[in-house]
Amino acid sequence: MKRILWLFLGLIALLLGLIGAVLPLLPTTPFVLVALFAFARSSPRLHAWLVNHPRLSTSIRNWNEEGAISWQAKRAGLFAMVLALLISWALGVSVTALILQALVLACAAAFILSRPTPSSGG
């Protein structure tokens, strides 16, 4: 039963990650990492597929081996955070919610910026 739940979580996370690849406000990488974690506990075949995926394997390998995030991914993440805050402001979200959102996004940005870049250049 646990294996089925991990598989379900992995599939949902992967779906959200794929949606995030085309929607600017939904991140891709965190969902792919959750999918990788879940597949490691449920489906060796899907885990291997994700680890060897032509578009995702470099980012996964950089994270697994070095805890690193490429400059391209850092820029995209920071851009999405600023865009989300600007959209909230444009939609007239309350000042309290904007401050809370800005604080959370600032913490996320600090984490992203604190990660090294891959030794391969990234």
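General remarks:
- Each 10 Å bin from zero up to the one holding the largest Cα-Cα distance in the chain carries the following percent of pairs: 13, 36, 33, 16, 3.
- A dipole drawn for the chain from +1 and -1 charges on Cβ atoms has a positive end, and of Leu5, Ala76, Asn62 the residue lying farthest that way is Leu5.
- Going from the residue with the fewest nearby Cβ atoms within 10 Å to the one with the most, Lys2, Lys74 rank Lys2, Lys74.
- In segment 70-122, the convex hull through the Cα atoms has an average projected area of 3.3 nm², a quarter of its surface area.
- Convex hull (Cα only) mean projected area of segment 1-66, reported in nm² to one decimal: 4.3 nm²
- Counting charges near Phe37 (Lys, Arg +1; Asp, Glu -1) among other residues having Cβ under 14 Å from its Cβ returns a value of +3.
- Estimated dipole of the chain in Debye, rounded to 20 [Cβ of Lys and Arg +1, of Asp and Glu -1, Cα centre]: 300 debye
- Of the residues Leu86, Leu103, Phe39, the one whose Cα sits farthest toward the positive end of the charge dipole of the chain, with +1 on the Cβ of Lys and Arg and -1 on the Cβ of Asp and Glu, is Phe39.
Bear in mind these aren't lab numbers, they're just calculated from the coordinates by the rules spelled out. Remember, it's a predicted structure, so these values are computed and weren't measured experimentally. Cβ coordinates were reconstructed from backbone atoms using ideal geometry, including for glycine residues, and neighbour counts include every protein chain displayed.
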